[in-house]
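Visitor: Quick one: the structure is below, and I'll ask about it shortly.
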Amino acid sequence: MSSAVDLSLAELRDALKAKKVSSREATDAYLARIDKAGALNAYVTVTAEKARAMADASDAKLAKGEGGPLEGAPLGIKDLFCTEGVQSTAGSRMLKGFLPPYESTVTSQLWRDGAVMLGKLNMDEFAMGSSNETSYFGNVVNPWRRTDGGNADLTPGGSSGGSSAATAARLCAAATGTDTGGSIRQPASVTGTVGVKPTYGRCSRWGIVAFASSLDQAGPIARDVRDCAIMLKSMAGHDPKDSTSIDRPVPDYEAAVGASVKGLKIGVPREYRLDGMPSEIEELWAKGVDWLRDAGCEILDISLPLTKYALPVYYIVAPAEASSNLARYDGVRYGHRASEFKDIKSLYENTRAEGFGDEVKRRILIGTYVLSAGYYDAYYLRAQKVRKRIFDEFVDAFTKVDLILTPSTPSAAFGLGEKSDDPVQMYLNDVFTVTGNLAGLPGGSVPAGLDGQGLPLGLQLLARPFDEETLFKGMAAIEKAAGPQGRPTDWWTS
Amino acid sequence: MSEPRKLLQGATGDWEIVVGLEVHAQVSSQAKLFSGAPATYGAGPNENVSLVDAAFPGMLPVLNAYCVEQAVRTGLGLNAKINLWSRFDRKNYFYPDLPQGYQISQYKDPIVGEGEIEVELDDGEIVRVGIERLHLEQDAGKSIHDLAPKESYVDLNRSGVALMEIVSKPDIRSADEAAAYFSKIRTIVRYLGTCDGNMEEGSMRADVNVSVCRAGNYQKFRDTGDFSHLGTRTETKNVNSIRYVRQVVEYEARRQIEALESGGKIDQETRLFNVATGETRTMRSKEDAHDYRYFPDPDLLPLELDAAWVEKIKASLPELPDQKRRRFVEKLGLSAYDASVLSADRVKADYFETVAEGRDGKLASNWVTTELFGALNKAGLDIEDSPIEAPALGKLIDLISDGVISGRIAKDVFAIMFESGGDPEKIVEDKGLRQVTDTGAIEKIVDDIIAANPEQVAQVKEKPKTFGWFVGQAMKASGGKANPQALNEILKKKLGVD
């Protein structure tokens with residue numbers, strides 16, 4: 001049998017249950033790979049000791065024929081999730097060394113179901129970024145390389161770049177991510193992995209470092225659609241500690257994977273066709289349409305005219321909430337504190353000047369500005385009104401269609417450093433994904449092909465609120481039609 | 001026209017005072033507004049602090065339903081409109097005792113809207129003061145600067161405690177009215193059990209807004225709603241007693257009039273009250289004012305209330321002070337003044353009602369307001385600490401009504417009860433204070449006095465006023481125990497007077 005790290009999460013689960021492999025073996029195999037993957041910089045913290053202890057405990061349960069749905073499966077956790085007694089940085093100097101005395105709801109549900117924690121995954125600082133370059137702990141490198149032989153380091157996407165790279169490079173069986181404007185779907189798309197952002201309210205936000213509260217949502221990044229379904233089942237659920245989490249039963253998502261899509265109505269929104277979009281993206285989208293039609297879906301052209309306002313609205317709402325959410329990092333109770341200060345004001349100023357990186361500062365400034373007296377109505381209030389209309393537009397569209405098909409990203413993985421000087425170019429990465437956050441819809445990115453440089457490209461499906469089952473059905477249909485996309489070589493092994 | 005009593009004389013003419021109060025009342029609740037941490041007073045520093053209160057990363061607020069109920073109850077007690085849809089906003093500013101970097105409050109859509117209350121002044125006049133709104137918000141923690149020379153300490157026990165901010169309309173027109181209004185709010189929340197009104201523990205405090213304008217301008221403001229007719233206001237923060245509220249209004253009005261009359265102007269600013277000097281001073285000017293960047297808290301959903309639930313709370317409200325005052329006058333025959341005094345405090349009112357239960361209301365009121373309150377006052381005790389329980393005082397009144405003791409003896413019994421407690425009946429028995437109603441015994445006393453004082457007996461027919469002398473002698477001889485009515489009748493019969 002092949003190495004445990006080559007198994008999908010579903011395969012590993014079955015192998016563990018059949019005692020073909022032990023959790024300890026799988027865990028050690030992953031830890032060995034992580035050890036050699038320094039070049040990718042995917043992990044901020046590796047919790048080897050904890051992982052082995054958890055694996056041993058899982059093996060003991062498995063030996064007795066017990067254990068949860070994820071028993072013994074080694075996972076990577078985005079460093080935005082607070083994990084008890086384990087450094088949780090949010091990719092920021094501000095939280096370097098921060099050891100939360102509590103466990104986030106989502107991760108505690110993973111451990112409840114038997115998963116093993118390999119460590120904490122690198123990410124853009126406070127989840128603000130689309131390339132992983134804003135991390136205080138250095139950027140993550142995409143395990144995929146162009147076939148041009150140039151060996152340029154590419155972005156793994158962001159902000160869940162550690163999660164996407166680690167999943168693509170087999171440094172974990174699957175990973176958690178969070179998605180505020182596309183931070184799961186965009187990195188999944190550029191690393192040939194599957195990423196799902198569930199409906200807003202489906203996963204508890206309790207214990208996840210907040211970026212933009214009305215947009216943040218946890219979700220999985222995994223190697224295939226089934227694995228995402230397995231992960232989401234454990235991550236989702238009502239949490240009385242999060243007032244925005246929704247109390248409704250969590251369906252068996254895995255059962256939807258492979259179910260027939262015959263008769264589903266697929267909307268293709270014409271406004272997602274951008275000027276200057278690479279033809280490869282356009283062609284891939286057309287292929288996706290064909291695959292779904294061939295699988296028995298009905299294809300409908302739809303119009304979402306407010307799409308063009310989504311990015312501007314997002315870049316008002318998200319920074320506004322962030323500017324307030326990040327006010328708590330003041331150096332008083334935890335986290336970084338400047339060593340030089342003369343009074344409370346300079347303590348704040350120096351702490352925040354040192355603790356936050358440029359992108360975080362930029363967004364705090366934008367957010368503070370749009371909430372200021374005299375600007376609130378023109379920016380924040382207006383943005384919220386447009387946001388409501390974007391939601392209404394989707395509600396209307398979903399009276400006619402069951403799923404909406406779009407590209408996941410406007411391009412394949414770009415080179416690290418290529419866009420880091422131009423925030424607007426960087427923000428455009430989220431153009432297809434932010435609408436799902438603004439409207440709170442579930443969405444997922446599934447690998448659909450490679451571009452001319454051999455880099456993975458993804459297609460996105462959006463579904464009705466809380467209709468993740470249909471989403472998984474559609475994603476699995478695309479996955480099946482697209483066939484295996486291959487995997488990156490282990491060029492990074494040291 | 002301006003009412004003369006509301007005018008304040010300046011060197012250059014008459015002025016009017018306009019006052020608005022923002023009363024912060026801590027919600028009586030076991031737990032804080034958005035965290036499960038205890039909201040109790042008196043814990044050691046930072047003992048009542050949850051991860052939510054300390055604003056750890058990823059912590060989220062969950063609204064305490066009981067605090068919502070308390071706010072609704074208070075709104076109903078203020079005769080105010082309950083907003084079935086309200087929302088929580090974030091008020092953003094940096095301070096070490098504000099761990100989140102924002103206070104969760106209600107800005108645009110408060111839980112309670114407009115209302116009105118009646119306020120009695122000392123002279124018995126009743127003025128009506130409008131309520132602008134009531135909203136729920138979190139309290140901040142406490143910064144302590146005097147524990148160490150170079151360091152400041154922060155106690156987060158209060159961080160997140162639920163407050164109701166009750167905002168009046170600018171309907172208050174004098175220092176007396178301001179004090180009476182503040183006192184009335186306290187009475188109402190204590191009646192409702194929604195705030196304990198304990199100002200020493202910080203459960204209640206007021207921000208006092210004061211402005212002055214030339215006589216007649218207030219009426220113009222009322223007629224037009226145009227605030228430009230009013231003067232620039234100052235806001236004096238955290239005033240925590242009824243007396244201080246009065247002092248702040250008096251001081252600020254005088255200060256502002258003097259400043260304006262000497263050619264100066266009033267800055268819109270926040271001021272602090274100095275308890276020691278009775279003066280206010282600038283805390284921060286308008287230029288230093290924060291831009292709070294209010295916006296709806298995305299961690300919380302809008303608060304939607306069920307109309308039937310509000311009705312249920314309304315039906316469960318206790319009788320409120322104004323209703324009680326009216327009932328005391330109309331049903332129990334009390335004077336307006338006594339009714340006011342007794343209804344102003346629920347504990348006093350409850351005490352009185354226990355005493356008055358099944359007895360003459362006026363007699364009960366006299367004993368409670370005159371004898372008991374007088375004695376308590378002299379001893380420096382609150383009604384809660386009264387050595388005489390209400391049922392015992394009721395019994396004492398029964399002893400008078402039943403003719404067991406006279407009113408005069410009752411005062412002696414009262415004094416004993418106040419001093420060392422005890423049951424009035426037993427005291428009367430033990431001390432042999434039972435009134436003599438045995439006519440035979442009284443006749444014997446009267447006969448003895450008549451026999452011993454022939455001159456007075458001869459006089460009494462011409463000078464009926466000397467009859468009182470016989471009453472006094474006979475009462476003295478009986479040790480005060482003779483039933484006064486019986487004694488009177490016997491004396492009249494034996495002396496042959498009418």
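The values are calculated or read from the model by the stated rules, or taken from the named source; none is laboratory data. These figures come from a predicted structure and were not determined experimentally. All Cβ positions, even for glycine, are placed from backbone atoms using ideal geometry, and neighbour counts span all protein chains on display. For the accessible areas, the whole protein counts, side chains as well, though only heavy atoms, and no ligand, DNA or RNA atoms are used. Shrake-Rupley method; radii C 1.70, N 1.55, O 1.52, S 1.80 Å.
Visitor: Among the residues of region B:425-459, what is the count of those that are over 55 Å from the mean Cα position of the chain (by Cα) and surrounded by fewer than 17 Cβ atoms within 10 Å (Cβ to Cβ)?
Guide: To start, the set of residues in region B:425-459 that are over 55 Å from the mean Cα position of the chain (by Cα) comprises B:447-448, B:450-459.
Okay, now just the ones that are also surrounded by fewer than 17 Cβ atoms within 10 Å (Cβ to Cβ), so B:447-448, B:451-455, B:458-459.
The qualifying residues number 9.
Visitor: If you don't mind, another one. Which members of region A:325-349 meet the condition of being in a helix (DSSP H, G or I), in contact with a Ser or Thr (Cβ under 9 Å, 6 or more places away or on another chain) and open to solvent by less than 50 Å² (accessible area, probe 1.4 Å)?
Guide: Keep residues of region A:325-349 that are in a helix (DSSP H, G or I), which gives A:325-328, A:344-349.
Those left that are additionally in contact with a Ser or Thr (Cβ under 9 Å, 6 or more places away or on another chain): A:325, A:344.
Answer for region A:325-349, where residues must be in a helix (DSSP H, G or I), in contact with a Ser or Thr (Cβ under 9 Å, 6 or more places away or on another chain) and open to solvent by less than 50 Å² (accessible area, probe 1.4 Å): just A:ASN325.
Visitor: For region B:321-365, enumerate the residues that are basic (Lys, Arg) and closer than 22 Å to B:ILE188 by Cα. Spell out the reasoning first.
Guide: Of region B:321-365, the ones basic (Lys, Arg) are B:324-327, B:331, B:346, B:348, B:359, B:362.
B:LYS324, B:ARG325, B:ARG326, B:ARG327, B:LYS331, B:ARG346, B:LYS348, listed by residue number.
Visitor: Given the options A:VAL225, A:VAL261, name the one that is closer than 16 Å to A:GLY444 by Cβ, open to solvent by less than 20 Å² (accessible area, probe 1.4 Å), among the β-branched types (Val, Ile, Thr) and within 19 Å of the chain's Cα centre (by Cα).
Guide: Values: A:VAL261 fails: within 19 Å of the chain's Cα centre (by Cα).
Answer to the check: A:VAL225.
Visitor: Name the single residue that is most open to solvent (accessible area, probe 1.4 Å) among those in region B:25-76 being within 14 Å of another protein chain (Cβ to nearest Cβ) and of a type in the set (Phe, Trp, Tyr).
Guide: Of everything passing the filter in region B:25-76, B:PHE56 is most open to solvent (accessible area, probe 1.4 Å).
Visitor: Out of A:TYR379, A:TYR334, which single residue is within 25 Å of B:TYR294 (Cα to Cα) and within 11 Å of chain B (Cβ to nearest Cβ)? Before you say what the answer is, go through the steps one by one.
Guide: Numbers: A:TYR334 fails: within 25 Å of B:TYR294 (Cα to Cα).
That would be A:TYR379, the only listed residue that is within 25 Å of B:TYR294 (Cα to Cα) and within 11 Å of chain B (Cβ to nearest Cβ).
Visitor: Go through (1) within 11 Å of chain B (Cβ to nearest Cβ); (2) open to solvent by 70 Å² or more (accessible area, probe 1.4 Å) and name the single condition A:ASP396 misses.
Guide: The failed condition is (1).
Visitor: Return only the number of the condition from (1) at negative phi; (2) under 25 Å from the mean Cα position of the chain (by Cα) that A:ASP14 does not satisfy.
Guide: Against the list (1) at negative phi; (2) under 25 Å from the mean Cα position of the chain (by Cα), A:ASP14 comes up short only on (2).
Visitor: Where in region B:296-411 are the helices (runs of 4 or more DSSP H), entirely inside, with at least 1 residues that are in contact with a Gly (Cβ under 8 Å, 6 or more places away or on another chain), more than 14 Å from chain A (Cβ to nearest Cβ) and open to solvent by 20 Å² or more (accessible area, probe 1.4 Å)? Reasoning before the result, please.
Guide: Numbers: elements: B:307-315, B:321-330, B:336-343, B:346-356, B:361-366, B:373-379, B:390-401.
Counting at least 1 such residues, we get B:336-343, B:346-356, B:361-366, B:390-401.
Visitor: Using the structure shown, decide if A:ALA229 is more than 23 Å from A:ASN325 (Cα to Cα) and in contact with a Phe, Trp or Tyr (Cβ under 6 Å, 6 or more places away or on another chain). Spell out how you get there, then give the answer.
Guide: On the way: more than 23 Å from A:ASN325 (Cα to Cα): yes; in contact with a Phe, Trp or Tyr (Cβ under 6 Å, 6 or more places away or on another chain): yes.
So A:ALA229 fits the description; yes.
Visitor: Residues of region A:443-462 being within 14 Å of the chain's Cα centre (by Cα) and under 11 Å from A:ILE404 (Cα atoms), which ones?
Guide: Residues of region A:443-462 within 14 Å of the chain's Cα centre (by Cα): A:443-446, A:458, A:460.
A:GLY443, A:GLY444, A:GLN460 - these are the residues of region A:443-462 that are within 14 Å of the chain's Cα centre (by Cα) and under 11 Å from A:ILE404 (Cα atoms).
Visitor: Tell me, which residue of region A:93-109 that is among the small types (Gly, Ala, Ser) and more than 10 Å from every other protein chain (Cβ to nearest Cβ) is surrounded by the fewest Cβ atoms within 10 Å (Cβ to Cβ)? Talk me through it step by step, then tell me what you get.
Guide: Of all residues in region A:93-109, those among the small types (Gly, Ala, Ser) come to A:97, A:104, A:108.
Imposing the further condition that a residue be more than 10 Å from every other protein chain (Cβ to nearest Cβ) reduces the set to A:97, A:108.
Working: A:GLY97: 11, A:SER108: 18.
Here the answer is A:GLY97.
Visitor: Separate question: Given the conditions (1) part of a loop (DSSP other than H, G, I, E, B); (2) of a type outside the set (Asp, Glu); (3) under 24 Å from A:SER408 (Cβ atoms); (4) open to solvent by 30 Å² or more (accessible area, probe 1.4 Å), report the number of the one that A:ILE246 does not fulfil.
Guide: The failed condition is (3).
Visitor: Yes or no: region A:388-400 includes at least one residue that is under 26 Å from A:LEU365 (Cβ atoms) and among the aliphatic types (A, V, I, L, M).
Guide: Yes - at least one qualifying residue is present in region A:388-400.
Visitor: Looking at region B:234-248, which of its residues are assigned to a strand (DSSP E or B) and farther than 17 Å from B:ILE17 by Cα? Full working, then the answer.
Guide: At the first step, the residues of region B:234-248 found to be assigned to a strand (DSSP E or B) are B:234-239.
B:LYS237, B:ASN238, B:VAL239 - these are the residues of region B:234-248 that are assigned to a strand (DSSP E or B) and farther than 17 Å from B:ILE17 by Cα.
Visitor: Could you identify the single residue in B:GLY225, B:GLY197, B:GLY278 that is open to solvent by less than 60 Å² (accessible area, probe 1.4 Å) and over 23 Å from the mean Cα position of the chain (by Cα)?
Guide: Values: B:GLY197 fails: over 23 Å from the mean Cα position of the chain (by Cα); B:GLY278 fails: over 23 Å from the mean Cα position of the chain (by Cα).
Selected residue: B:GLY225, the only one of B:GLY225, B:GLY197, B:GLY278 that is open to solvent by less than 60 Å² (accessible area, probe 1.4 Å) and over 23 Å from the mean Cα position of the chain (by Cα).
Visitor: Could you grab me the full set of residues in region B:83-95 that are open to solvent by 20 Å² or more (accessible area, probe 1.4 Å) and touching a residue at least 24 places away in the same chain (Cβ under 8 Å)?
Guide: Of the residues in region B:83-95, the ones open to solvent by 20 Å² or more (accessible area, probe 1.4 Å) are B:83-85, B:87, B:91, B:93-95.
Across region B:83-95, the qualifying residues are B:ASN83, B:LEU84, B:TRP85, B:ARG87, B:LYS91, B:TYR93, B:TYR95.
Visitor: Of all residues in region A:45-71, which are touching a residue at least 60 places away in the same chain (Cβ under 8 Å) and open to solvent by less than 10 Å² (accessible area, probe 1.4 Å)?
Guide: A:ALA51, A:ALA55, A:LEU70
Visitor: Please find, among B:LYS220, B:LYS142, B:LYS150, B:LYS184, the residue that is basic (Lys, Arg) and touching an Asp or Glu at 6+ places or on another chain (Cβ under 6 Å).
Guide: On the way: B:LYS220 fails: touching an Asp or Glu at 6+ places or on another chain (Cβ under 6 Å); B:LYS150 fails: touching an Asp or Glu at 6+ places or on another chain (Cβ under 6 Å); B:LYS184 fails: touching an Asp or Glu at 6+ places or on another chain (Cβ under 6 Å).
After applying the criteria, what remains is B:LYS142.
Visitor: I need the full set of residues from region B:235-275 which are acidic (Asp, Glu), farther than 20 Å from B:LYS6 by Cα and more than 25 Å from the chain's Cα centre (by Cα), in order please.
Guide: The first filter runs over region B:235-275 and keeps only residues acidic (Asp, Glu), leaving B:235, B:250, B:252, B:258, B:261, B:267, B:269.
Of the ones still in play, those that are also farther than 20 Å from B:LYS6 by Cα are B:235, B:267, B:269.
Listed by number, the residues that qualify are B:ASP267, B:GLU269.
Visitor: Further question: Give the residues of region A:350-370 that are within 10 Å of chain B (Cβ to nearest Cβ) and either of a type in the set (Lys, Arg) or open to solvent by 70 Å² or more (accessible area, probe 1.4 Å) (or both), sorted by residue number. Lay out the reasoning, then the answer.
Guide: Step one: of region A:350-370, the residues within 10 Å of chain B (Cβ to nearest Cβ) are A:352, A:367-370.
Of everything in region A:350-370, those that are within 10 Å of chain B (Cβ to nearest Cβ) and either of a type in the set (Lys, Arg) or open to solvent by 70 Å² or more (accessible area, probe 1.4 Å) (or both) turn out to be A:ARG352, A:TYR369.
Visitor: Further question on the same structure: With the condition kept exactly as written, say whether any residue in region A:429-438 is within 14 Å of chain B (Cβ to nearest Cβ) and open to solvent by less than 30 Å² (accessible area, probe 1.4 Å). Lay out the reasoning, then the answer.
Guide: If we filter region A:429-438 for residues that are within 14 Å of chain B (Cβ to nearest Cβ), which is where we start, we get A:437-438.
With the extra rule that they be open to solvent by less than 30 Å² (accessible area, probe 1.4 Å), the set shrinks to A:437-438.
Checking region A:429-438: at least one residue is within 14 Å of chain B (Cβ to nearest Cβ) and open to solvent by less than 30 Å² (accessible area, probe 1.4 Å).
Visitor: Here's a follow-up. Note down all Cβ pairs under 8 Å where the first residue falls in region A:225-251 and is more than 14 Å from chain B (Cβ to nearest Cβ) and polar (S, T, N, Q), the second is open to solvent by 10 Å² or more (accessible area, probe 1.4 Å) and outside any helix (DSSP H, G or I), and they're at least six residues apart or on different chains.
Guide: The qualifying pairs are A:SER234/A:GLY68; A:SER234/A:PRO69; A:SER234/A:ASP113.
Visitor: Just to check your reading of the model, which residue among A:SER279, A:SER339, A:SER323, A:SER245 is polar (S, T, N, Q), under 25 Å from the mean Cα position of the chain (by Cα) and more than 28 Å from A:ALA229 (Cβ to Cβ)?
Guide: Numbers: A:SER279 fails: under 25 Å from the mean Cα position of the chain (by Cα); A:SER339 fails: under 25 Å from the mean Cα position of the chain (by Cα); A:SER245 fails: more than 28 Å from A:ALA229 (Cβ to Cβ).
Every option except A:SER323 fails the conditions.
Visitor: Go through B:ILE442, B:ILE416, B:ILE449, B:ILE427 for me and flag whichever is touching a strand residue (DSSP E or B) at 6+ places or on another chain (Cβ under 6 Å), of a type outside the set (Ser, Thr, Tyr) and part of a helix (DSSP H, G or I).
Guide: Details: B:ILE416 fails: touching a strand residue (DSSP E or B) at 6+ places or on another chain (Cβ under 6 Å); B:ILE449 fails: touching a strand residue (DSSP E or B) at 6+ places or on another chain (Cβ under 6 Å); B:ILE427 fails: touching a strand residue (DSSP E or B) at 6+ places or on another chain (Cβ under 6 Å).
Result: B:ILE442 is the single residue among B:ILE442, B:ILE416, B:ILE449, B:ILE427 that is touching a strand residue (DSSP E or B) at 6+ places or on another chain (Cβ under 6 Å), of a type outside the set (Ser, Thr, Tyr) and part of a helix (DSSP H, G or I).
Visitor: Now for a different question. Of all residues in region B:101-129, which are among the aliphatic types (A, V, I, L, M) and more than 14 Å from every other protein chain (Cβ to nearest Cβ)?
Guide: In the first step, residues of region B:101-129 are kept if they are among the aliphatic types (A, V, I, L, M); the result is B:104, B:111-112, B:117, B:119, B:121, B:126-127, B:129.
Answer for region B:101-129, where residues must be among the aliphatic types (A, V, I, L, M) and more than 14 Å from every other protein chain (Cβ to nearest Cβ): B:ILE111, B:VAL112, B:ILE117, B:VAL119, B:LEU121, B:ILE126, B:VAL127, B:VAL129.
Visitor: Still on this structure, please answer the following. Collect the residues in region B:99-112 that are farther than 10 Å from B:TYR294 by Cα and either in contact with a Cys (Cβ under 7 Å, 6 or more places away or on another chain) or open to solvent by less than 10 Å² (accessible area, probe 1.4 Å) (or both), keeping them in residue-number order. Spell out how you get there, then give the answer.
Guide: Step one: filter region B:99-112 for residues farther than 10 Å from B:TYR294 by Cα, giving B:99-101, B:109-112.
Hits for region B:99-112 are B:PRO99, B:GLY101, B:ILE111, B:VAL112.
Visitor: Can you tell me which of B:ALA259, B:ALA276, B:ALA289 is more than 18 Å from B:ALA206 (Cβ to Cβ), within 14 Å of chain A (Cβ to nearest Cβ) and of a type in the set (A, V, I, L, M)? Break it down into steps so the answer makes sense when it comes.
Guide: Working: B:ALA259 fails: within 14 Å of chain A (Cβ to nearest Cβ); B:ALA276 fails: within 14 Å of chain A (Cβ to nearest Cβ).
Only one candidate passes the filter, namely B:ALA289.
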